[in-house]
There are 2 protein chains.
Amino acid sequence: MVMVEAREDVRCDRKAVEAVIAALAARVGNRLVTSQAVREQHGHTLTWIGNQPPDAVVFPQTTAEVQEIVRLCAAERVPVIAFGTGTSLEGQVNAPRGGISLDFRDMNRLIAVHAEDLDCVVEPGMTRKRLNELLHDQGVFFPIDPGADASLGGMAATRASGTNAVRYGTMKDNVLALKVVLADGEVMTTARRAKKSASGYDLTRLIVGSEGTLGIITELTLRLAGIPEAISSGVCPFPSVEAACNATILTIQSGIPVARIELLDALQVRACNLHSKLELPETPMLFVEFHGTEAGVAEQSQRFGDIAAEFGGGPFDWATRAEDRSRLWQARHDAYWAARGMRPGCYPLATDVCVPISRLAECVTETQRDIAASRLFAPIVGHVGDGNFHLSMMVNLEDEAEVARTHAFLERLVERALAMDGTCTGEHGIGQGKMQYLLSEHGEGALAAMCAVKRALDPLGIMNPGKIFNL
Amino acid sequence: MVMVEAREDVRCDRKAVEAVIAALAARVGNRLVTSQAVREQHGHTLTWIGNQPPDAVVFPQTTAEVQEIVRLCAAERVPVIAFGTGTSLEGQVNAPRGGISLDFRDMNRLIAVHAEDLDCVVEPGMTRKRLNELLHDQGVFFPIDPGADASLGGMAATRASGTNAVRYGTMKDNVLALKVVLADGEVMTTARRAKKSASGYDLTRLIVGSEGTLGIITELTLRLAGIPEAISSGVCPFPSVEAACNATILTIQSGIPVARIELLDALQVRACNLHSKLELPETPMLFVEFHGTEAGVAEQSQRFGDIAAEFGGGPFDWATRAEDRSRLWQARHDAYWAARGMRPGCYPLATDVCVPISRLAECVTETQRDIAASRLFAPIVGHVGDGNFHLSMMVNLEDEAEVARTHAFLERLVERALAMDGTCTGEHGIGQGKMQYLLSEHGEGALAAMCAVKRALDPLGIMNPGKIFNL
């Protein structure tokens, strides 16, 4: 039973799809798959958004092949949907109008590493964990960590970020250049490998976050960071969410270059204790990590501890031992699974909003009150240095009243964030799940500009249609 | 005598211009000016690019007024050109097709400071120095420093950066949101005040660097940084440009969070010695600055000194006294005037390119050889942490052969940067001066995409026409 029906738009013409499938089969042989199981794996599978499989899945191997596929689809006006690892959370990989899913499994090479320039070139199917394994010996790493072991193409397409963003930025800040196949099959390179440029429009940032609606990414040049000489991390309990948020604000204002600063509310701490066999006090908690020199991280930890104490937090236990660090952060990463474990048989629903950090305590506290009043189960984790927080809701889909309360709650969540000058999504994207909020967030002028850009670059409307907006 | 004639395109219809001027005069009274002197001040004045004055200059006071002006111009198809302080270097403020210059002198308010969120909201006519004076008491500052005391609207429009960019990024990284009047007079807000968002296309970054060709900025939300607790800076001589570049690469790879790292070649050091009454050794020199805690900057300075010594550089004298720091950086900022002083009567020509940092030494060294072989005068300063360097050429316009050699040299400079995967401009923009390089830098696919976006958002072609591309 699926409670959020992804809208079934007018499907593309069946004969057109069959023509494309026949041509593709002739071209790529068994790298074209039309089995029901594989098609369903390439629709949305992770949350209560319905599964809308594409008509076929193709596994391209080169940019030239992607160009051919897009040209075939353009000729028949058949949608094309890029697929990385399928870990997006707002239905970005669904095929509401049918079409061809391009799975980048086979385009996963590390093409070049330029350690002196702190950049590398990868194919879009490369995942972030694999990339960091390959980079490790060269003393550099790719810092964006959205939790899931997502593909880098998908991370760029959804403007992903995660726990490290407070220090290293989001995909917007860490993609130097992209190779992109456009809706007419032409290929463009959005930028040179120079660290900055004032030449022409910023096509890189136009594609980052466009969720496959403007073009298909076939190569990425990524910024890297040097592996820090020393890392220290620790956990710090707080008497309230407000105290934890205020400590975060002062930490950032003081210029302490915190690498990660993650809030877990009391319910999430409880879930993590159960799931990861920890014995943390079940009160709002900050997980913090510092990167720098030995002396630097010691000084940062000391200063953070002082700030925490000022707001009634602490004691701040910090550990530089790699195994302690890993265990804590593993628990943080497993927050979603921990939440699932607390309400077995329920359906997970992950959502996020982001507000200016000065409003974060208020937003989280009001949201907690709303969760309680709505009798819902929704532990909270937050990338609080960015004002971004997530709910890992577990919904009993058998209970119609609970489902209705959930829908109403989600609308209030976004309204609350927007009223505080925030955004309906800090890092999950719009996909299908948040299209309804686009106008109230951006206003008519900006939405009209986005639609004008979409129409200009995809006049036939074949690039991941029915995502972000229904054009 | 002006040696680079800015191309006089077909000027807009005289009757149309007169209709707009009459309507504007009725609307804004003496805030519309048509005197020759004021019109010429609003064309390009700073380098050898010719002066192309607008037909009239208007001084708007509100976004609503800008909307009215743009609507009037759109109705008559008359160009609109935004003007901040006129310090752009590639002819961005010229009016090759005539039209109305919008001077933002009167829209220079600080609208709000959100110190907890490290952001502020300003009008586009605010200059960066004035903003930092106003912010100082709140312990925050706006870090982008392009040298000139430019307006923030202009800095966003040209994607400015400067000496601090190696640590704080460029305007692309430090603009959170923009209010923009589009070509049809509608207004859009490109983003909320949340620190990050995954909602919709990145309109902020689309406008940053678009040089007024997509819309007119009437309000900016800017990211701020906390004023560092301690700042230390110093100068370090090197035996060669290569040694200085290699020390820079290792400094950045080592994760030393250098705030500024500026290369001056021997000729530029000599010019600074003469102009600023310094006694620096006349050899390639790095000016370096660190921001952090007292202990942090001491550690960074120590480490940098060690790295410099490894490449034969040093001694590295570092001073934390504010007056010493100011004197050194003032000399660095006056580099352009110092260069002018060495060849009085000649015409200045400032240009910049940017390459991956691993190619910087090679690019600078080859350029120096080319300067010598071409018998030109061109001291070099570089934001070497970003791979970006500037030439402050002084050209004798009376000498036709020298002018010809200069043109040929400039073409080779860009070709050299592009061949090294660099860009024809790191921070000055395209304007009129570098339009000819756009295709070879970006390729047909990307250029076609830029033109499609331009046509979609400005179908009448009235927004700063004849800049970036001739559409």
| request: Quick one: which strands (runs of 3 or more DSSP E) lie wholly within the range B:284-354 and hold at least 2 residues that are within 14 Å of chain A (Cβ to nearest Cβ) and surrounded by 22 or more Cβ atoms within 10 Å (Cβ to Cβ)? | output: B:285-292, B:347-354
| query | So residue A:468 fits all but one of (1) more than 7 Å from chain B (Cβ to nearest Cβ); (2) not in a helix (DSSP H, G or I); what number is the exception? | reply | (1)
| query | Taking the range A:59-76, which residues are hydrophobic (A, V, I, L, M, F, W, C) and either buried (at least 19 other Cβ atoms within 10 Å of the Cβ) or not assigned by TED's automatic domain parsing to the domain that holds residue A:28 (or both)? | reply | A:59, A:66, A:69, A:70, A:72, A:73, A:74
| task | Please go through the range B:355-400 and pick out each residue that is free of Cβ contacts under 8 Å to residues at least 24 places away in the same chain and among the acidic types (Asp, Glu). | result | B:399, B:400
| Counting only residues that are assigned to a helix (DSSP H, G or I) and not β-branched (Val, Ile, Thr), which one in the range A:355-368 is nearest to the other protein chains (Cβ to nearest Cβ)? | A:358
| query | Hey, among B:130, B:205, which residue is part of a helix (DSSP H, G or I), closer than 20 Å to residue B:468 by Cβ and free of Cβ contacts under 8 Å to residues at least 60 places away in the same chain? | reply | B:205
| message | With the requirement that a residue be facing another protein chain (nearest Cβ under 10 Å) and part of a loop (DSSP other than H, G, I, E, B), what does the range A:423-457 give you? | response | A:424, A:425, A:426, A:427, A:428, A:429, A:430, A:431, A:434
| message | Regarding the range A:77-91, can at least one residue be identified that is in a helix (DSSP H, G or I), more than 30 Å from residue A:139 (Cβ to Cβ), within 21 Å of the chain's Cα centre (by Cα) and not assigned by TED's automatic domain parsing to the domain that holds residue A:345? | response | no
| If you check residue B:414 against the conditions, is it within 17 Å of residue B:348 (Cα to Cα), surrounded by 16 or more Cβ atoms within 10 Å (Cβ to Cβ) and either in the same structural domain as residue B:213 (by TED's automatic domain parsing) or over 17 Å from the mean Cα position of the chain (by Cα) (or both)? | no
| message | Out of B:449, B:419, I need the residue that is without any contact (Cβ under 8 Å) to a residue 12 or more places away in the chain and either touching a strand residue (DSSP E or B) at 6+ places or on another chain (Cβ under 7 Å) or of a type in the set (S, T, N, Q) (or both). Which one? | response | B:449
| query | Among (1) assigned to a helix (DSSP H, G or I); (2) modelled with pLDDT under 95; (3) of a type in the set (A, V, I, L, M), which single condition is residue A:397 missing? | reply | (1)
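So that you can scan it fast, the table gives a plain yes or no per residue for (1) under 22 Å from residue A:369 (Cβ atoms); (2) surrounded by fewer than 23 Cβ atoms within 10 Å (Cβ to Cβ); (3) not assigned by TED's automatic domain parsing to the domain that holds residue A:338:
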site: A:207; (1), (2), (3): no, no, yes
site: A:214; (1), (2), (3): no, no, yes
site: A:240; (1), (2), (3): yes, yes, no
site: A:243; (1), (2), (3): yes, yes, no
site: A:247; (1), (2), (3): yes, no, no
site: A:250; (1), (2), (3): no, yes, no
site: A:261; (1), (2), (3): no, no, no
site: A:274; (1), (2), (3): no, yes, no
site: A:279; (1), (2), (3): no, yes, no
| Flag for residue A:417 being more than 7 Å from chain B (Cβ to nearest Cβ), outside any loop (DSSP other than H, G, I, E, B) and under 26 Å from residue B:201 (Cβ atoms) | yes
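So that you can scan it fast, the table gives a plain yes or no per residue for (1) more than 16 Å from the chain's Cα centre (by Cα); (2) modelled with pLDDT of 95 or more; (3) within 12 Å of chain A (Cβ to nearest Cβ):
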| residue | (1), (2), (3) |
| --- | --- |
| B:142 | no, yes, no |
| B:157 | no, yes, yes |
| B:178 | yes, yes, yes |
| B:181 | yes, yes, yes |
| B:185 | yes, yes, yes |
| B:190 | yes, yes, yes |
| B:197 | yes, yes, yes |
| B:201 | yes, yes, yes |
| B:210 | no, yes, yes |
| said: When you check residue B:232 against the structure, is it facing chain A (nearest Cβ under 8 Å) and among the polar types (S, T, N, Q), yes or no? | reply: no
| message | Can you report the number of residues in the range A:370-394 which are within 26 Å of residue B:192 (Cβ to Cβ), of a type outside the set (A, V, I, L, M) and outside any strand (DSSP E or B)? | response | 6
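The values are calculated or read from the model by the stated rules, or taken from the named source; none is laboratory data. Just so it is clear, the structure is predicted and the values come from calculations on it, not from any experiment. We place every Cβ from the backbone using ideal geometry, glycine too, and count neighbours over all the protein chains shown.
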